[in-house]
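Structure first, then comments.
The values are calculated or read from the model by the stated rules, or taken from the named source; none is laboratory data. Quick caveat: nothing in here was measured; it's all calculated off a predicted structure. Neighbour counts are summed over all protein chains in view; Cβ atoms, including those assigned to glycine, are modelled from backbone coordinates with ideal geometry. Surface areas here come from the heavy atoms of the whole protein model, side chains and all, with no ligands, DNA or RNA. Shrake-Rupley method; radii C 1.70, N 1.55, O 1.52, S 1.80 Å.
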Amino acid sequence: MTANDHDEIHDETVDLEVLGRAVKGAQYRHHRTLDTRLSAVGTTLAQWDALRAIARAPGASAHELAVATFQGDQSFGTLATRLAAQRLIERRSGRGRRNEHHLTEEGERVLAAGRAVTLDVLGASFAPLTEAERVTLLGLLSKVGALVDGP
């Protein structure tokens, strides 16, 4: 954020481009730091996020997991193939042509190691905010996300 951006925060109206850039900047810094730190435990942010999604919904289809990880079906399929080759997940046949995804023991280990890294990075990032501010921020971002994803 530049000095001009800070000045615009105190105006009566917020420049929406500045606001959008601030959100994108925070996301970029999180992703860059997480990718760097997660490499130390043998994974990437995209891989760790996929493991997290599978842990939250064992047996989910590739499409369901693509949606949960903000990816396209083809991108998630490529990622899942890589995770299976690394023996972090296994695919099992489900109903019809559906493949169900499950973590392996090694996948659970990588997920846990990544969770420790992620909590450390995000904890440091959000440390300047009080718990009440974190609740407010989450509520506001959820509200904006619902509008963007909505009808």
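How much net charge surrounds Leu140 when only other residues with a Cβ under 13 Å from its Cβ are counted (Lys, Arg +1; Asp, Glu -1)? Once positives and negatives cancel, what remains is +1. Per-peptide packing, taken as the mean over residues of other Cβ atoms within 10 Å, places 122-130, 59-67 in the sequence 59-67, 122-130 from highest down. Positive end of the charge dipole of the chain (Lys, Arg +1 and Asp, Glu -1 on Cβ, about the Cα centre): tell me which of Ala116, Ile89, Gln74 has its Cα farthest that way. It is Ile89, whose Cα lies furthest towards the positive end. Averaged over its residues, region 6-151 has an accessible area of 69 Å² per residue, based on protein heavy atoms and a 1.4 Å probe.
Split the accessible area of the chain by element, probe 1.4 Å, and carbon with sulfur accounts for 56%. Net charge of the neighbourhood of Leu51, taken over other residues with C-beta under 11 Å away and scored Lys/Arg +1, Asp/Glu -1, is +1. A crude spin-label estimate for the pair Ala124 and Gln74, with each label 7 Å from Cα along the Cβ direction, gives 3.7 nm. Compute for the chain: radius of gyration divided by Kirkwood radius, i.e. Rg/Rh, restricted to C-alpha atoms, rounded to two decimals. In the chain, Rg relative to Rh is 1.04.
Projected label points at Glu12 and Ala112, each 7 Å from Cα along the beta carbon direction, are separated by 5.7 nanometres.
Give, as a single signed number, the net charge of other residues whose beta carbon lies under 14 Å from the beta carbon of Glu106, with Lys and Arg counted +1 and Asp and Glu -1. With Lys, Arg at +1 and Asp, Glu at -1, the neighbours total 0. Based on C-alpha pairs under 8 angstrom that are at least 6 apart in sequence, the chain has a relative contact order of 20 percent.
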